[in-house]
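The values are calculated or read from the model by the stated rules, or taken from the named source; none is laboratory data. As the structure is a prediction and not an experimental result, all values here were calculated from the model. Please note: Cβ atoms are built from the backbone with ideal geometry, for glycine as well, and neighbour counts cover all protein chains shown. The accessibility values were calculated without ligands, DNA or RNA, using every heavy atom of the protein model including side chains. Shrake-Rupley method; radii C 1.70, N 1.55, O 1.52, S 1.80 Å.
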Protein chains: 4
Amino acid sequence: MKKTVIEEIAKVKLKDPVLIEGLPGLGMVGRIATRYLTKQLSAKPLAKLYSPHFPYYVLVNQKGSVRLLHCLFSFWKNKTGKHDLIFLTGDSQAQTIEGQYDVADSILDFAKKYGVRTVITIGGYRKEAEENPKVVVVSTDSALLSKALKAEAIASPSGNPIVGTAGLLLGLAKFKKMRALCLLGETRGYLPDPKAAKGVLAVLQGILEIKIDSSGIDKEIERAKKIIERMKNIAKERETHALKTRKIEEEKVTYIS
Amino acid sequence: MKKTVIEEIAKVKLKDPVLIEGLPGLGMVGRIATRYLTKQLSAKPLAKLYSPHFPYYVLVNQKGSVRLLHCLFSFWKNKTGKHDLIFLTGDSQAQTIEGQYDVADSILDFAKKYGVRTVITIGGYRKEAEENPKVVVVSTDSALLSKALKAEAIASPSGNPIVGTAGLLLGLAKFKKMRALCLLGETRGYLPDPKAAKGVLAVLQGILEIKIDSSGIDKEIERAKKIIERMKNIAKERETHALKTRKIEEEKVTYIS
Amino acid sequence: MKKTVIEEIAKVKLKDPVLIEGLPGLGMVGRIATRYLTKQLSAKPLAKLYSPHFPYYVLVNQKGSVRLLHCLFSFWKNKTGKHDLIFLTGDSQAQTIEGQYDVADSILDFAKKYGVRTVITIGGYRKEAEENPKVVVVSTDSALLSKALKAEAIASPSGNPIVGTAGLLLGLAKFKKMRALCLLGETRGYLPDPKAAKGVLAVLQGILEIKIDSSGIDKEIERAKKIIERMKNIAKERETHALKTRKIEEEKVTYIS
Amino acid sequence: MKKTVIEEIAKVKLKDPVLIEGLPGLGMVGRIATRYLTKQLSAKPLAKLYSPHFPYYVLVNQKGSVRLLHCLFSFWKNKTGKHDLIFLTGDSQAQTIEGQYDVADSILDFAKKYGVRTVITIGGYRKEAEENPKVVVVSTDSALLSKALKAEAIASPSGNPIVGTAGLLLGLAKFKKMRALCLLGETRGYLPDPKAAKGVLAVLQGILEIKIDSSGIDKEIERAKKIIERMKNIAKERETHALKTRKIEEEKVTYIS
């Protein structure tokens, strides 16, 4: 594999489609949100993107098979609304500087073929946790931006960098005559953060004028909460244990001296 | 984006133009000086340079929009003198070795198209601060060098390396049959240094035989001074605080033992 | 050398050949197993693969000559069975991300020319040592997988990454319409581990339906055991010595105070 | 500059020329030896090699000018012997893996154009200093090797890596149907080591059947010796000073406690 390739799986005609991208990144916000949408809408596989800029390993599947790291495009036919959707999520982002630009470019060229005019990218925005994490938005298009603000996203302060594919797709969109919007869910970013993803999903539904059952993401949030509690308990026990050990050591020292 | 591209914004004819480059680098000297000139002369946008060798993020603008990292060429029509000017400044330098050579080459090829025969690059020269930082000069052309020395720049000691675009443009100029000069303002380099930039601007005016109002750069110098004082105060307070804390701790220890 | 090249040494027709790859990696399992097979079957040189993605040094040979780092394809004509074999082992894997994909691709293209439809790659699987290290298997093909499981390999848990050429060949095989299997010998991985390689050889004989004398690999295992014992002894002596030194130091301190 | 370029300075016909390469490396042995030969024989400039794989800076020359990093080919017409000589030395080696292979390839292609059939590379061989550092030799050609051994070089133990251009030229020579020899002067390698270079020059004269005045290199050895002595003295003084300081501190501590 000498360069990025996209292998088409299905041939479909799509109605003024919108591309929604969420690759692994801060708090896995983009990936969690995009995968959830893909499942809820039963989106169908459209194409796979492979690249020599991805890490050089394969992953073992559940059936004892393996898969090359890749990104998956899938599509959803929107029977009631104006826009079909194309989703993009995957295993990894490109690992080198030039690779990042190359993969982002390949994604947009592929979307162009399907007539995509609007790109929405999803990522995380590093911030200490609050009860209800907000969704930060930036856009290359003021109409699109207003829509997101109406859907209760907040505008990003200026000067912020948006790193990786979620950012580059916005930066490169104008070269392909597309408009683009980026939704960033506030997250501490250390662990996969379905709560941040839920916030993004809410804004996204407002923008896309679709309705999605959010009970599944609530379950993911519960699971994530339990994992964090378990981790906190382990940390606490370790600390208590360390404290005891130290006391014992100190007592020993006292006896010796 | 698979390679460096230059997107032209305006079509103009320029009179024997000189290219003046100042990208981010040591003490931001080049960028500060070039941006100041661009503003003072109300230079107009000419072209944007994008490159897959720049960092892979986008920056949020003030209106909630984003921009891909790039360099901006702008031009100034010189009504009284012999040379129109092209300025080049921007967000970043290339991030890889091969990228540095590639971007420098693209810059010169673009300048060539406009008939540029002389290139002036600006950067910082690491040196402990003095009241009046000097401007160090090197050139591929002895006539150009004399002009700079007459304008009170001082010659660089031999053996010095000039790193990055400011250096490579000089090195590559001869392949494009251009002559080139580099002005380096002495700076400690830790923080943006408008004082070093002011020194360069003075020499530059001498070389280019133009007059520029320097009151704006004086204001920047005042602002930078205040920032440094504020940082020093913070550092001092921290130290005082740390000292007190230590004393309290030591007293505690004394009581225990 | 601007790109990966394969220099053919022999021209042969091969009967439905299987490619067996074992390059340097974890515990050197792949390289040890593949080299042992090559020697035991007196495989003949077929081609050399050179690449600008290999480390930039040459190795001194025994006769005072040097060799560029490379991988060697060799072949074995199977007089009694259905499949001739092509072996691939060598000095190094590619050193960059893009290089890994490029070299793996070149290997498969070469194999394709000889009509290879099945690829078997060999590597190490990091695990604390047991008396009888197991062999972990994954495959792109369920029939091939069953064969390996019948030959007493165990299925890999899902989610595992297989890093480097051994993994990428599996991931890329489907693009060349090949099926592939990877055998990973359990190893601690710190030192060349012929015991892990022996396990792999046993499974491999089951899959390929060939018989190989394993007395040579047993000798290698003995040698490796002795090396480890010697290293343990050295470590022990060092510790004893350090302990003594510390005691002496402490006594000195006692006398002084 | 998008790729390695060689700019020819002179057009000459050379008699069965031998290429002698010595770029910066361990102990600067190759560069010192090659530059010394170039000067002694008053070799004339032949061509310059520039590459985007060299570090991205320029160096200030003595006249206040700058130069792009490059390698210089020069030639010497041998009036009495059978072989003219081409020398190659320069500012730097390539900085990336692929760059190393690319530059080595470009060097050999250029040499090929002049009919070079024999390449001699020079480098350092890390070894603790002895009074008379030996010269280690490897070659792709047994006749050439014997010549070097007769000239009192010693054969390299097998398994040694020869890193960088000096090694790669040997490894790549066979692809260009050339034979090659590498001479490595034993050196500690921390500082430029003219003594190691002198050893190489002696062997080289034997192989090439030429005579060179070595008084100049003896002066360089003297200079290097003095530098080392000065550095030792500085280190000693520092140690003495540190010892005194420590004593004073300890006395203070004694008074306090």
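Give the residue that is most open to solvent (accessible area, probe 1.4 Å), with candidates limited to residues of the range C:10-56 that are of a type in the set (D, E, K, R), within 30 Å of D:ALA94 (Cβ to Cβ) and more than 14 Å from chain D (Cβ to nearest Cβ).
Narrowing the range C:10-56 to residues of a type in the set (D, E, K, R): C:11, C:13, C:15-16, C:21, C:31, C:35, C:39, C:44, C:48.
Cutting the leftovers down to within 30 Å of D:ALA94 (Cβ to Cβ) gives us C:21, C:31, C:48.
Within this subset, residues satisfying the condition of being more than 14 Å from chain D (Cβ to nearest Cβ) are C:21, C:31.
Details: C:GLU21: 2, C:ARG31: 57 Å².
Only one residue fits best here, namely C:ARG31.
Output the qualifying pairs, or none if there are none: Cβ atoms under 7 angstrom, residues six or more apart or on different chains, first residue in the range C:138-163 and within 17 Å of C:GLU186 (Cα to Cα), second residue surrounded by 15 or more Cβ atoms within 10 Å (Cβ to Cβ) and charged (D, E, K, R).
C:ILE154/C:LYS134
Might you let me know whether the range B:126-139 holds any residue that is at pLDDT 95 or above, within 11 Å of chain D (Cβ to nearest Cβ) and surrounded by fewer than 24 Cβ atoms within 10 Å (Cβ to Cβ)?
No, there is no match, as no residue in the range B:126-139 is at pLDDT 95 or above, within 11 Å of chain D (Cβ to nearest Cβ) and surrounded by fewer than 24 Cβ atoms within 10 Å (Cβ to Cβ).
Among the residues of the range D:178-193, are any within 21 Å of D:ASP84 (Cβ to Cβ), part of a helix (DSSP H, G or I) and at pLDDT 95 or above?
no
Looking at the range C:67-114 only, could you name the residues that are in contact with a Phe, Trp or Tyr (Cβ under 8 Å, 6 or more places away or on another chain) and among the acidic types (Asp, Glu)?
C:ASP84, C:ASP91
When only residues in the range B:140-178 that are among the polar types (S, T, N, Q) and more than 7 Å from chain D (Cβ to nearest Cβ) count, which is farthest from B:GLY115 (Cα to Cα)?
To start, the set of residues in the range B:140-178 that are among the polar types (S, T, N, Q) comprises B:140, B:142, B:146, B:156, B:158, B:160, B:165.
From the residues that got through so far, the ones that are more than 7 Å from chain D (Cβ to nearest Cβ) too are B:142, B:146, B:165.
Working: B:SER142: 21, B:SER146: 23, B:THR165: 20 Å.
Among those that are among the polar types (S, T, N, Q) and more than 7 Å from chain D (Cβ to nearest Cβ), it is B:SER146.
List the number of the failed condition for A:LYS15; all other conditions in (1) modelled with pLDDT of 95 or more; (2) more than 30 Å from C:HIS53 (Cα to Cα); (3) in contact with a strand residue (DSSP E or B) (Cβ under 9 Å, 6 or more places away or on another chain); (4) part of a loop (DSSP other than H, G, I, E, B) hold.
(3)
Being open to solvent by less than 10 Å² (accessible area, probe 1.4 Å) and more than 14 Å from chain B (Cβ to nearest Cβ) is the filter here, so list the residues in the range A:111-122 that pass it.
Within the range A:111-122, A:ALA111, A:VAL116, A:ILE122 meet the criteria.
Looking at the range D:56-75, can you tell me whether even one residue there is out of contact with any Lys or Arg (no Cβ under 8 Å at 6 or more places or on another chain) and under 22 Å from D:ARG179 (Cβ atoms)?
no
Filtering the range C:111-138 down to residues that are under 19 Å from C:THR89 (Cα atoms) and polar (S, T, N, Q), which residue is farthest from the chain's Cα centre (by Cα)?
C:THR118
Considering only residues that are free of Cβ contacts under 8 Å to residues at least 60 places away in the same chain and exposed (fewer than 13 other Cβ atoms within 10 Å of the Cβ), which ones fall in the range D:186-217?
Those that are free of Cβ contacts under 8 Å to residues at least 60 places away in the same chain and exposed (fewer than 13 other Cβ atoms within 10 Å of the Cβ): D:LYS211, D:SER215.
Give me a count of the residues in the range A:198-217 that are part of a loop (DSSP other than H, G, I, E, B), touching a helix residue (DSSP H, G or I) at 6+ places or on another chain (Cβ under 7 Å) and under 19 Å from A:LYS150 (Cβ atoms).
The number of residues fulfilling the criteria is 2.
Taking the conditions exactly as written (within 14 Å of chain D (Cβ to nearest Cβ), open to solvent by 10 Å² or more (accessible area, probe 1.4 Å), at negative phi and without any contact (Cβ under 8 Å) to a residue 40 or more places away in the chain), does C:ILE97 satisfy them or not?
Judged against the criteria, C:ILE97 is a match.
What residue, among those in the range A:57-81 that are within 24 Å of A:LEU108 (Cβ to Cβ), away from every other protein chain (no Cβ under 14 Å) and not in a strand (DSSP E or B), is least open to solvent (accessible area, probe 1.4 Å)?
That would be A:ASN78.
Can you name the number of the only condition in (1) open to solvent by 30 Å² or more (accessible area, probe 1.4 Å); (2) closer than 23 Å to D:MET28 by Cβ that D:ALA104 fails?
(1)
Would you be able to say whether some residue in the range C:53-66 is in contact with a Phe, Trp or Tyr (Cβ under 7 Å, 6 or more places away or on another chain), under 20 Å from D:VAL138 (Cβ atoms) and not aromatic (Phe, Trp, Tyr)? Please lay out each step first, then the result.
So the first thing to find is which residues in the range C:53-66 are in contact with a Phe, Trp or Tyr (Cβ under 7 Å, 6 or more places away or on another chain), and the list is C:56.
Those still in the list that are under 20 Å from D:VAL138 (Cβ atoms) too: C:56.
Filter again for not aromatic (Phe, Trp, Tyr), leaving none.
No, the conditions are met nowhere in the range C:53-66.
Say we look at the range B:82-94 and pick out the residues that are part of a loop (DSSP other than H, G, I, E, B) and within 17 Å of B:LEU37 (Cα to Cα); which of these is farthest from the other protein chains (Cβ to nearest Cβ)?
Top of the filtered list is B:ASP84.
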